[in-house]
């Protein structure tokens, strides 16, 4: 089940508050703690209820007491499972930022002498369990190999401009495995590197397919940064 970033954040906070209170919550309590209007909190809870993540019940006033019945909400068993799945997709954003910064810094410092960095990344890729980190390392490795062969690629007419295949946008990210296959046609291509990249492409495609549009946008921005640094 795909949730938007706002829905995930809201559901996560709702689960935290529910565990803290250990009882169903009125939407007004949630609105106050989350920092949204009561109407927004109510509408979001109803939306999550439609998706089977939240349930509601009416609490009747105590016998002889004043007031009307009130509605309270509690998470379903499905909510915890969905959040666990989302956590697997979302990865640790802080870890991704650290990896991203390390890669960009290494690219900037090595000024075109990228073979050692490429070798390091190729060794790391199979160890990456997070889909986001796996795709990030693969994007970097493919661009580094393309950079090293850019003159030969243009001569052979494999591609004149990376923008023509949609890079750095999502369309281009999906096309990267095809570019990797094209590298096998370049005589000067390092066969060890191209063989490794090809062996990683299926998992790359599977990992990319699992990511949300928001995460793919992050990767597109990262790809643009890499292209700019390496002069592509």
For region 5-88: relative contact order, % (alpha-carbon pairs under 8 angstrom, 6 or more apart): 28
Extension gain (nm, one decimal) between residue 110 and residue 210, 0.36 nm per residue minus Cα-Cα: 32.8 nm
Region 5-88: mean projected area of Cα convex hull, nm²: 5.9
In nm, spacing of pseudo-spin labels at residue 101 and residue 69 (7 Å Cα→C-beta vector): 5.4
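None of the figures in this text is laboratory data; all of them are computed from the coordinates on show. All values reported here derive from a predicted model rather than from experimental measurement. Please note: Cβ atoms are built from the backbone with ideal geometry, for glycine as well, and neighbour counts cover all protein chains shown.
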